[in-house]
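Everything below concerns the one structure shown next.
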Amino acid sequence: MMAIEALGRRGDPAAALPLARCALAHPVDVTQGLAIVRAVAKLRRDESWNDAVRLLHDHPVRAVARTARELHTPKHAATTLVPGSPDREAEVQASIDDLANRVDATERIMALGEHAIAPLRRYLREGAQVIPHGRLFAISMLARLRSPMAREGLRDVLHDIPWRRLPSSRREAEYQVKDVAIRHLITRDYPERCVDAIYAANVERLPSAVAAAGRLGLSSLAPVLVDMLRDDVLERAAADSLESLEEYGRAALLQALPALFEEAGSRVHSRLAAIRALLVLRRMHARLPPWVLRRALADGHPAIRAAAALFDDTQDNIRRAELIRGALSDCVALAVLCRERLAHRDSGFADAAREALHRNAEPDIYGNLHPLPRDAIRWLTMAEVGAGSV
């Protein structure tokens, strides 16, 4: 940054093109890009300067590109947002792009009140960006304006082009933008709220909508939420919503388990989903139908057998050994529940613990064997000592 500022102070137009190429080489560094535009603005203008500015017009960050385009236009003298000002649109745009002074930009936009809604919505209609900062800020401003028109602006963003259909360079950014939009929308009471939440969860698969499905009582989403247990990003939110849906969540989980067991042998994500489904049912204090329990206890992977053993009140050596293997699993949620179940140990625990220590290897969720980690050995050793003293 010091070098960029120094080149701007020197005023040599030969620095223009290298500076522009530097900005394009680091497109995610918004602060640096804006600093480069400011430095280029100070340079003497010749043909190379014009070439550099034209390069900056194509910068993927809209704030940088727009600031570069303004170098070819006279600067506006007005800097204060005044309701009714003919320059309101440009000023709202400039405030959105003022990434370094968010507090001041917020105050300027909020001073406009409802007069800011139309310019904010027009900015958001320009579509997805590589860097989401401007769109996220515009959404936060709309969210602070409780007008129905502001709410419709948030809905426009949610229902715009699905993020999966965007160019790959813009998908992740727009995924964040849409998620923030639905997060604000579900806090409002309006007729289409549940429809929007179902769309956001089922079509866009946005974490905030998935997490809210249970609170909103969207029982129709229960089968979709079970399917999301395969997704490492959404599984925690889906599990919480299934638990909140109570009997609808239980029914959907029990209905899905046969297919998950069938796929668990060949598909890792189905195996994870089966384990997660059993753990959700356990947290709900549900009872497994006998045939489901028998099938899970006979599964080829010890993590599924351990999850099933949590439902079995039989205190024999086989069940005890399965719970110990679950307590050593790389599936953290399973390990926690199994260790809680084994907190009250009987005299048979020590033998199973010694066997696990002697084996000193457990398969991960993929089926690959790994030596026991140090914390697992420590837990087994302490548990064995405690059980031996019973």
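Couple of notes before you dig in:
- Segment 323-332, subset among the aliphatic types (A, V, I, L, M) and not in a loop (DSSP other than H, G, I, E, B), residue surrounded by the fewest Cβ atoms within 10 Å (Cβ to Cβ): VAL332
- Taken together, the residues in segment 202-229 that are surrounded by fewer than 21 Cβ atoms within 10 Å (Cβ to Cβ) and in contact with a Cys (Cβ under 8 Å, 6 or more places away or on another chain) amount to 1.
- One residue stands out in segment 10-28 among those that are surrounded by fewer than 15 Cβ atoms within 10 Å (Cβ to Cβ) and more than 12 Å from ARG54 (Cα to Cα): the one that is modelled with the lowest pLDDT, namely VAL28.
- Residue within segment 192-204 that is outside any loop (DSSP other than H, G, I, E, B), out of contact with any Gly (no Cβ under 7 Å at 6 or more places or on another chain) and without any contact (Cβ under 8 Å) to a residue 12 or more places away in the chain present: yes
- Residue check, ARG271 within 24 Å of VAL233 (Cβ to Cβ), part of a helix (DSSP H, G or I), at pLDDT 85 or above and under 33 Å from the mean Cα position of the chain (by Cα): yes
- Subset tally (residues that are under 16 Å from ALA333 (Cβ atoms) and in a loop (DSSP other than H, G, I, E, B)) for segment 287-313: 3
- Residue within segment 332-341 that is at pLDDT below 80 and charged (D, E, K, R) present: no
- Total residues in segment 301-322, condition surrounded by fewer than 22 Cβ atoms within 10 Å (Cβ to Cβ), under 24 Å from PRO258 (Cα atoms) and at pLDDT below 90: 5
The values are calculated or read from the model by the stated rules, or taken from the named source; none is laboratory data. What you are looking at is a predicted structure, and each value in this text was computed from that prediction instead of being measured. We place every Cβ from the backbone using ideal geometry, glycine too, and count neighbours over all the protein chains shown.
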